[in-house]
Amino acid sequence: MRPKGSKEELAVRRKLAVKELKKGKGVCEVARQFDASSSSVSRWKRAYEEEGWAGLEPKRHPGRKPKVTEDDFDRLEELLLQGARAHGYPNDLWTLKRVKKLIKEEFEVDLHISNVWTLLNERMNWSVQKPEDVAAEKDEEKIKDWREKRWPHIKKAQTRG
């Protein structure tokens, strides 16, 4: 089980343990003092002998190599800014499914839909946008006429009743 403490605190613990070893204490004695296994203390000792104090520093664990590279992000943003219509969709609304399909076609990477959201939101700082509902048959003249002539009569009727 991993001991409690940040990686920096654990590095300090390793360095203190090695200092005790350098004073002449035995591996088992130092292991008891620092509540560690003797195999861990031996490993710390070996790391110090091979690499010096740097061998006791925390190691970076980068994880899995990303499927979508930084260059791909730039290209993806260019493609998304072209709009969905430019990619054969009937409107300019980008949905997660559409973006997922675009990524698969352009970069040959099949991401889960939740990872598409993470990519757009956390990596590219894109957010959810709700499209405005605009009637296709909207007539500004009729709206203005209704607002000036009909609405005042409706409003008066409501206040009287």
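Readers should treat all values here as calculations from the given coordinates under stated rules, not as data from a laboratory. Fair warning: this is a prediction, and the values are worked out from it, not measured in the lab. Note that we place each Cβ from the backbone using ideal geometry, even for glycine, and neighbour counts take in every protein chain shown.
The table below gives the values:
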quantity: Close pairs from the range 124-138: first closer than 30 Å to Ser114 by Cα, partner assigned to a loop (DSSP other than H, G, I, E, B) and not β-branched (Val, Ile, Thr), Cβ under 6 Å, at least 6 apart; calculated: Pro131/Leu93
quantity: Residue match in the range 67-78 (condition: more than 21 Å from Ser127 (Cβ to Cβ) and either among the acidic types (Asp, Glu) or over 34 Å from the mean Cα position of the chain (by Cα) (or both)); calculated: yes
quantity: Residues satisfying the stated conditions in the range 1-38, i.e. under 39 Å from the mean Cα position of the chain (by Cα), in a helix (DSSP H, G or I) and not small (Gly, Ala, Ser); calculated: Lys7, Glu8, Glu9, Leu10, Val12, Arg13, Arg14, Lys15, Leu16, Val18
quantity: Spans of helices (runs of 4 or more DSSP H) in the range 78-161 with at least 1 residues of a type in the set (Gly, Ala, Ser) and more than 27 Å from Pro66 (Cα to Cα); calculated: 151-160
